[in-house]
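Read through the structure below, which is laid out as structure tokens, and then see the notes.
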Amino acid sequence: MAEPAGADRPCLVALTSDVMLSVRIEEAARAAGHQTAVAASVAQFDQALSAGEARLVLLDLADPAFSIEETMRRVQRCAQPPVLLAFFPHVRKDLETRARAAGCGLIMPRSRFLLDLPEALRLGFAIPSRAQRAAELSVTPREAGDEAQASEAPP
């Protein structure tokens with residue numbers, strides 16, 4: 001049986017140089033049926049994003065190889081920006097503050113992220129990307145006019 005197009009492309013990109021963490025993420029993602037790429041450098045991240053299939057990016061805020069601000073810029077430049085889930089050591093509230101200031105909406109302490117990794121992945125994949133939300137909300141002016149006229153029509 002042939003694999004569907006894009007089956008070898010990662011839909012989850014984990015940004016971390018922590019080998020033990022990357023193994024846990026890959027195992028949880030595989031168990032949930034997701035292809036995963038682990039990027040330990042910005043170059044590897046760019047390569048994973050260029051495949052165009054990423055739906056979820058996991059960012060280890062404690063990893064000095066990645067800046068939250070630059071990661072957000074790279075994600076937002078994607079034609080279909082993936083959801084970004086960032087996690088941080090609970091003793092580093094400064095990282096949480098920087099992530100919020102950069103516009104990251106899905107942030108959690110690393111302990112919570114690891115405690116229930118499958119649930120964190122489910123949550124990340126459940127949130128529609130900006131492109132998906134725009135597609136769901138887009139209504140052409142003609143459709144909007146038709147809907148307005150339909151609501152004003154007598155029963």
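The values are calculated or read from the model by the stated rules, or taken from the named source; none is laboratory data. Quantities reported herein were computed from a predicted structural model and do not represent experimental measurements. Positions of Cβ are backbone-derived with ideal geometry, glycine not excepted, and every protein chain shown enters the neighbour counts.
Would it be correct to say that VAL23 is under 17 Å from ALA99 (Cβ atoms), modelled with pLDDT of 90 or more and not acidic (Asp, Glu)? The answer is no for VAL23. Among the residues of segment 7-52, write down those that are under 24 Å from GLU70 (Cα atoms) and among the small types (Gly, Ala, Ser). If the condition is that a residue be under 24 Å from GLU70 (Cα atoms) and among the small types (Gly, Ala, Ser), then ALA14, SER17, SER22, ALA37, ALA39, ALA40, SER41, ALA43, ALA48, SER50, ALA51, GLY52 are the ones that fit.
Can ARG30 be described as of a type in the set (Lys, Arg), at pLDDT below 95 and over 18 Å from PHE87 (Cβ atoms)? In short, yes. Determine, yes or no, whether VAL83 is touching a Ser or Thr at 6+ places or on another chain (Cβ under 9 Å), within 15 Å of ALA14 (Cβ to Cβ), surrounded by fewer than 19 Cβ atoms within 10 Å (Cβ to Cβ) and of a type in the set (A, V, I, L, M). Considered against the rule, which asks whether it is touching a Ser or Thr at 6+ places or on another chain (Cβ under 9 Å), within 15 Å of ALA14 (Cβ to Cβ), surrounded by fewer than 19 Cβ atoms within 10 Å (Cβ to Cβ) and of a type in the set (A, V, I, L, M), VAL83 comes out as no. It is to be established whether one or more residues within segment 110-129 are within 17 Å of the chain's Cα centre (by Cα), over 20 Å from ILE25 (Cα atoms) and modelled with pLDDT under 95. Among the residues of segment 110-129, at least one is within 17 Å of the chain's Cα centre (by Cα), over 20 Å from ILE25 (Cα atoms) and modelled with pLDDT under 95, which makes the answer yes. Taking segment 95-124 as the range and being in a helix (DSSP H, G or I), surrounded by 18 or more Cβ atoms within 10 Å (Cβ to Cβ) and out of contact with any Asp or Glu (no Cβ under 8 Å at 6 or more places or on another chain) as the test, the residues that pass are LEU95, GLU96, ALA99, PHE113, LEU117, ALA120, LEU121, GLY124. Applying the condition of being in contact with a Lys or Arg (Cβ under 9 Å, 6 or more places away or on another chain) and part of a helix (DSSP H, G or I) to segment 30-47 and asking which residue is surrounded by the most Cβ atoms within 10 Å (Cβ to Cβ) yields PHE45. On the stretch given as segment 54-94, residues that are in a helix (DSSP H, G or I) and more than 18 Å from GLY124 (Cβ to Cβ) total 5.
Here is the figure for segment 32-59: residues that are farther than 22 Å from GLN76 by Cβ and in contact with a Pro (Cβ under 7 Å, 6 or more places away or on another chain) total 2. When segment 46-67 is filtered for residues that are under 13 Å from the mean Cα position of the chain (by Cα) and not charged (D, E, K, R), the ones remaining, listed by number, are ALA48, LEU49, GLY52, ALA54, LEU56, VAL57, LEU58, LEU59. Within segment 95-111, residues that are within 13 Å of GLU70 (Cβ to Cβ) reach partners that are part of a strand (DSSP E or B) and β-branched (Val, Ile, Thr) with beta carbons closer than 9 Å, at six or more positions or on different chains, in the pairs ALA99/ILE107.
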